[in-house]
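S.K.: The structure that follows is given in the form of structure tokens.
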Amino acid sequence: MKKKLSIIALAAASVLALAACAGGDSGTGDGESVAPAPEFEAGTTMADLADAGTITVGTKFDQPLFGLVNLDGVPEGFDVEIAKIIAAGLGIAPENIEWKEAVSANREPFIENGEVDIVVATYTINDKRKEVISFAGPYYLAGQSILVLADNDTIKSEQDLVGQPVCSVTGSTPAAKLAEIGAVPVLTDTYTNCLEPLRSGDVVAVSTDNVILAGLAAQNEGEFKIVGKPFTEEPYGIGLKKDDTAFCTFINDTLEAAYEDGSYEEAWNSTAGTVLPYVDPPAVEPCA
């Protein structure tokens with residue numbers, strides 16, 4: 001395997017070659033050429049993907065700002081741009097990424113069964129998930145918050161959710177936290193499916209990561225508002241096959257290169273940054 005600095009440099013060059021693709025477009029490519037893939041040790045995941053010239057990425061299809069399918073049927077958002085940066089480090093152009101919808105409940109099975117190569121899907125790193133998969137990153141630090149109707153002045157913090165029906169999604173860390181604090185979780189498969197119960201009064205709030213709620217509020221301007229301060233820390237990571245340390249290290253190196261060359265900040269500003277302020281990314285964790 002090439003030395004770490006060589007991989008970072010080559011990954012950065014690939015990202016820069018795709019800089020025009022890192023905005024809020026469909027990600028289908030406009031004819032830009034991707035830099036040649038760096039040479040990887042035979043038998044590694046990086047070598048296999050680079051040789052294949054394609055990568056399958058699990059991401060959300062219903063998360064404004066992070067992963068939302070556009071009118072052309074192509075996902076766009078910050079998670080999508082992060083996936084493009086990783087693909088570029090492998091010499092894979094955006095149009096050669098295969099996108100697969102990953103909802104909260106199927107992310108680990110998709111990775112374990114080999115249906116995807118990576119998952120970039122507002123995916124909180126936690127010990128339970130680490131029992132079956134590995135994580136690169138984190139690349140963003142979110143926090144659980146609360147979305148209510150715009151005219152709701154009674155719910156101001158998580159304490160006001162105790163004993164109340166609150167919508168979240170199956171298999172998510174926010175759903176587990178709601179049960180822990182004494183709320184009554186009402187679960188569905190996607191966060192967009194929580195909005196109608198909120199409108200109708202079947203639930204008093206929707207609770208998940210603040211960045212997801214910000215996207216939902218922005219998409220439905222004037223209907224909803226976020227209340228209170230985040231009451232958890234949710235480090236977003238990139239899910240991959242358990243114990244693939246070489247691939248994990250490559251992804252971390254590629255992320256760090258993107259932090260340095262500005263492509264990470266550009267990806268943020270063109271997607272989630274249209275609503276949320278830019279903050280410096282957290283330090284990546286060493287791969288076990």
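The values are calculated or read from the model by the stated rules, or taken from the named source; none is laboratory data. A quick note: this is a predicted structure, and the numbers were derived from the prediction, not measured. Using ideal geometry, Cβ is built from the backbone for each residue, glycine included, and neighbour counts are taken over all protein chains shown.
S.K.: If the Cβ limit is 6 Å and pairs must be 6+ apart or interchain, which residue in region 245-271 that is in contact (Cβ under 8 Å) with a residue 12 or more places away in the chain and assigned by TED's automatic domain parsing to the domain that holds Ala47 pairs with which residue that is assigned to a helix (DSSP H, G or I) and of a type in the set (Ser, Thr, Tyr)?
M.R.: Phe247/Thr45; Ala258/Tyr264
S.K.: Tell me whether region 36-51 contains one or more residues that are crowded, with 20+ Cβ neighbours inside 10 Å, in contact with a helix residue (DSSP H, G or I) (Cβ under 6 Å, 6 or more places away or on another chain), modelled with pLDDT under 50 and of a type in the set (A, V, I, L, M, F, W, C).
M.R.: Looking for residues that are crowded, with 20+ Cβ neighbours inside 10 Å, in contact with a helix residue (DSSP H, G or I) (Cβ under 6 Å, 6 or more places away or on another chain), modelled with pLDDT under 50 and of a type in the set (A, V, I, L, M, F, W, C), one finds none in region 36-51, hence no.
S.K.: Give the number of residues within region 267-281 that are over 19 Å from Ile86 (Cβ atoms) and in a loop (DSSP other than H, G, I, E, B).
M.R.: Result for region 267-281: 6.
S.K.: Examine region 73-90 for a residue that is in contact (Cβ under 8 Å) with a residue 12 or more places away in the chain and more than 23 Å from Ala272 (Cα to Cα), and state whether such a residue exists.
M.R.: Within region 73-90, one or more residues are in contact (Cβ under 8 Å) with a residue 12 or more places away in the chain and more than 23 Å from Ala272 (Cα to Cα).
S.K.: Here's a follow-up. Please enumerate the residues belonging to region 220-252 that are closer than 30 Å to Ala47 by Cα and either among the aromatic types (Phe, Trp, Tyr) or not in a strand (DSSP E or B) (or both).
M.R.: The answer is Tyr236, Lys242, Asp243, Asp244, Thr245, Ala246, Phe247, Cys248, Thr249, Phe250, Ile251, Asn252.
S.K.: Given Ala183, Ala176, which one is out of contact with any Phe, Trp or Tyr (no Cβ under 7 Å at 6 or more places or on another chain) and buried (at least 23 other Cβ atoms within 10 Å of the Cβ)?
M.R.: That would be Ala183, the only listed residue that is out of contact with any Phe, Trp or Tyr (no Cβ under 7 Å at 6 or more places or on another chain) and buried (at least 23 other Cβ atoms within 10 Å of the Cβ).
S.K.: Could you go through region 211-221 and let me know if any residue there is out of contact with any His (no Cβ under 6 Å at 6 or more places or on another chain), outside the structural domain of Asp62 (by TED's automatic domain parsing) and among the β-branched types (Val, Ile, Thr).
M.R.: yes
S.K.: Please report, ordered by residue number, the strands (runs of 3 or more DSSP E) entirely within region 122-219 with at least 1 residues that are small (Gly, Ala, Ser) and in contact with a Lys or Arg (Cβ under 7 Å, 6 or more places away or on another chain).
M.R.: Passing ranges, in order: 133-142.
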